[in-house]
Structures are given as C-alpha cells and as structure tokens.
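The values are calculated or read from the model by the stated rules, or taken from the named source; none is laboratory data. Being a predicted model, the structure only gives us computed values, none of them experimental. Note: ideal-geometry Cβ built from the backbone for every residue, glycine included; neighbour counts use all protein chains shown. All accessible areas refer to the heavy atoms of the entire protein, side chains included, with ligands and DNA or RNA removed. Shrake-Rupley method; radii C 1.70, N 1.55, O 1.52, S 1.80 Å.
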Amino acid sequence: MTELQTLLPQKKDLGGGFTVRRLLPSAERQAVGPFVFFDHFGPITAQPGDKHDVRPHPHIGLATVTYLFEGAMMHRDSTGVVQRIEPGAVNWMTAGRGIVHSERTPKDLLGTERRSHGLQLWLALPAEHEEDAPGFQHVAGPQIPARDVGGVLVRVLAGTAFGLTSPVQTLSPTLCVDLNFSMGSGAAVTIPAAAEERALYSVDHDFELDGVLMAAFTLVVLAAGSEPLLAAPRGGRIVLVGGAPLGHRFIAWNFVSSRKERIVQAQDDWEAERFERVPGETEFIPLPPRRG
C-alpha cells in the first residue's frame with residue numbers, strides 16, 4: 001500500500017476542562033475536500049457542576065456539522081432556530097454571510113452526571129456561496145440512510161456512497177459517512193472512491209487498511225482513486241470524510257473566507273455588535289486578540 005498522509009491531533013482546551021482533539025487545520029494540511037476544521041470531543045463524563053456550554057459566537061463563510069455519538073446539546077441561533085441535538089442526527093448550519101449560535105446543555109440534563117462524545121466539523125463554502133443567507137438543517141437519526149455492508153452498519157450523513165444518498169443539502173460535492181463495526185465480528189468493507197479527496201478517522205480503536213495498522217485518533221488521508229479494505233478487529237466507529245477541494249481559505253477564530261479583507265470585516269462587525277443576536281441570549285464570546 002502507498003504510504004499515506006497521517007495527521008495527528010492537537011489537544012485544545014475550550015474552557016472549563018473541556019478538551020478536544022483537533023485534526024484540521026494542521027501545519028501539514030489545511031483541508032480534506034471542503035472540510036477545513038475537524039474536532040473530536042470526548043467521550044467525557046460531565047459532573048453535575050460542570051459547565052461546558054458554548055456561549056453565543058459568530059461564523060461566516062462556512063457550514064458547521066455537529067454529530068453526536070453520546071449525549072445531547074441545545075442549539076440556538078440568530079435565525080431563530082432552537083434545536084435539541086441528539087446522537088445519530090445530522091445538524092448542518094450554513095453561516096454564509098453571518099450567523100451567531102450557542103450550544104448549551106439541555107435543561108433536563110443540568111445537575112446530572114452526563115456523557116458527551118461527538119464531532120464538530122467545518123466546511124468551507126464555495127466562493128460564490130460565501131455570502132448566502134444563513135440557514136440550518138436538522139435531519140433526525142431515523143432519516144439518515146443506512147445499510148449493512150458486509151457486517152458493518154453504514155450511515156451516509158452527506159453525499160452518496162455505498163448505494164445510499166443523504167438528504168442533507170450541500171453546496172459542493174461532500175462526503176461524510178459513519179461506519180460502525182461490531183467488536184470481534186471480523187467484518188471488513190471496501191472504501192469506495194466516492195470523492196476526489198477522502199480521509200478516515202477512528203473515534204475509539206485502531207483499525208487496518210489493506211492489513212496495515214492505523215492508530216485511532218489519527219486522520220488518515222487516502223490516495224486518490226484508491227479503494228482500500230477497511231477492517232476494525234476491535235470494533236468501533238470510523239468516520240469517512242471528503243469531497244471536492246475548494247482551494248485555500250483564510251481562517252481566523254470562527255471566520256472562514258476566500259478573502260482576507262472579509263475576515264477583517266467580520267472581526268470589526270463582531271466587536272461593534274453588528275451581528276444579529278440569538279433570541280433569548282444575553283451572553284457572548286468576545287473577539288480574541290487579533291493576529292497579524
């Protein structure tokens with residue numbers, strides 16, 4: 001097998017002891033397809049007094065994807081959407097020209113011991129769609145197309161693969177698949193060449209590609225056009241992401257754009273409180289110090 005690019009996680013503390021593994025962007029690679037940001041959080045057991053809420057903050061020029069394996073969170077945004085996020089559902093927020101959102105612990109879970117585990121991904125938008133109106137898609141778990149492929153439960157969250165097409169609407173060719181292996185089943189599945197760029201990431205256990213061991217918590221970029229055999233002897237969840245590349249993007253804090261000056265404008269707008277507010281929210285995250 002051709003030597004593959006592997007990206008190791010950087011640990012980032014988001015506050016309150018809530019640490020994530022960040023795979024993208026990295027010094028070695030900014031993006032895989034349209035995916036420019038890849039955070040894996042948990043699994044973590046939060047105690048009754050823990051506060052892991054994310055206060056209102058802005059985005060431009062991107063789409064965010066929240067996908068949970070365990071736990072729940074409450075999404076609120078400046079378009080008026082209020083949506084409880086639960087395991088298996090796809091929650092796809094398109095920032096376009098600007099959106100503000102918060103992610104908080106649902107009220108019924110406050111004061112309880114609770115588990116949290118999932119992914120937060122960002123996708124760059126095509127340049128011609130960076131100033132689109134903001135919006136939010138929620139596709140419940142039962143609506144995500146799924147099938148058993150050689151003993152592996154495959155769920156296509158975005159795009160088309162394994163004979164399945166997701167109902168999630170994307171603005172550029174995008175692929176996102178959840179592959180669930182049962183421990184000890186000996187199952188294996190061939191990864192189709194369903195996107196121009198692709199990468200695999202295991203959220204729990206090591207896996208094998210064409211018999212070569214790959215470490216968990218590592219983003220493994222696949223060779224273009226290849227169709228490797230994926231096996232997970234210890235079971236677990238592996239995510240396949242990819243799509244068509246969109247070219248370089250400028251990224252600063254929560255802002256993504258093909259134009260550097262648009263990033264500066266967004267920073268100015270947030271400092272001047274010109275973004276729309278999230279109904280019912282009074283808190284916000286201040287703009288961090290600007291870098292040159």
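See the values below:
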{"read-out": "Of all residues making up region 34-63, the number that are over 25 Å from ALA199 (Cα atoms), in contact (Cβ under 8 Å) with a residue 60 or more places away in the chain and assigned to a loop (DSSP other than H, G, I, E, B)", "value": "3"}
{"read-out": "Every pair of residues 6+ apart whose Cβ atoms lie under 7 Å, when the first sits in region 215-240 and is within 19 Å of ARG155 (Cα to Cα) while the second is part of a loop (DSSP other than H, G, I, E, B) and of a type in the set (S, T, N, Q)", "value": "GLY235/SER182"}
{"read-out": "Test: residue in region 248-258 that is over 16 Å from the mean Cα position of the chain (by Cα), more than 27 Å from GLY118 (Cα to Cα), at pLDDT 95 or above and not β-branched (Val, Ile, Thr)", "value": "yes"}
{"read-out": "Breaking point among (1) outside any loop (DSSP other than H, G, I, E, B); (2) surrounded by 14 or more Cβ atoms within 10 Å (Cβ to Cβ); (3) modelled with pLDDT under 95, for LYS12", "value": "(2)"}
{"read-out": "Tally of residues being crowded, with 20+ Cβ neighbours inside 10 Å and either over 23 Å from GLN83 (Cα atoms) or of a type in the set (A, V, I, L, M) (or both) across region 106-137", "value": "6"}
{"read-out": "Residue count, region 68-97 (criterion: open to solvent by 10 Å² or more (accessible area, probe 1.4 Å) and either of a type in the set (Phe, Trp, Tyr) or within 26 Å of ASP204 (Cβ to Cβ) (or both))", "value": "11"}
{"read-out": "Residue within region 23-33 that is under 17 Å from VAL203 (Cβ atoms), touching a helix residue (DSSP H, G or I) at 6+ places or on another chain (Cβ under 9 Å), crowded, with 16+ Cβ neighbours inside 10 Å and in contact (Cβ under 8 Å) with a residue 60 or more places away in the chain present", "value": "no"}
{"read-out": "Unique residue being among the β-branched types (Val, Ile, Thr) and within 29 Å of LEU179 (Cβ to Cβ) when the list is VAL82, VAL90, VAL100", "value": "VAL90"}
{"read-out": "Residue satisfying all of: in region 138-192; touching a His at 6+ places or on another chain (Cβ under 9 Å) and assigned to a strand (DSSP E or B); least open to solvent (accessible area, probe 1.4 Å) among these", "value": "PHE181"}
{"read-out": "Members of region 211-230 found to be surrounded by 15 or more Cβ atoms within 10 Å (Cβ to Cβ), not in a strand (DSSP E or B) and not hydroxyl-bearing (Ser, Thr, Tyr), listed by number", "value": "ALA216, PHE217, LEU222, PRO228"}
{"read-out": "Residues satisfying the stated conditions in region 193-210, i.e. assigned to a strand (DSSP E or B), open to solvent by 40 Å² or more (accessible area, probe 1.4 Å) and not charged (D, E, K, R)", "value": "none"}
{"read-out": "Residue in region 176-185 that is acidic (Asp, Glu) and either in contact (Cβ under 8 Å) with a residue 60 or more places away in the chain or touching a Phe, Trp or Tyr at 6+ places or on another chain (Cβ under 6 Å) (or both) present", "value": "yes"}
{"read-out": "The listed residue being within 17 Å of the chain's Cα centre (by Cα) and assigned to a loop (DSSP other than H, G, I, E, B), out of PRO245, PRO233", "value": "PRO245"}
{"read-out": "Residues of region 179-206 that turn out to be touching a Leu at 6+ places or on another chain (Cβ under 9 Å) and either more than 16 Å from GLY243 (Cβ to Cβ) or modelled with pLDDT under 95 (or both), as a count", "value": "9"}
{"read-out": "Residue within region 212-222 that is in contact with a strand residue (DSSP E or B) (Cβ under 6 Å, 6 or more places away or on another chain) and closer than 19 Å to VAL149 by Cβ present", "value": "yes"}
{"read-out": "Filter result (in a loop (DSSP other than H, G, I, E, B), surrounded by fewer than 17 Cβ atoms within 10 Å (Cβ to Cβ) and among the hydrophobic types (A, V, I, L, M, F, W, C)) within region 248-292", "value": "ALA272, ILE285"}
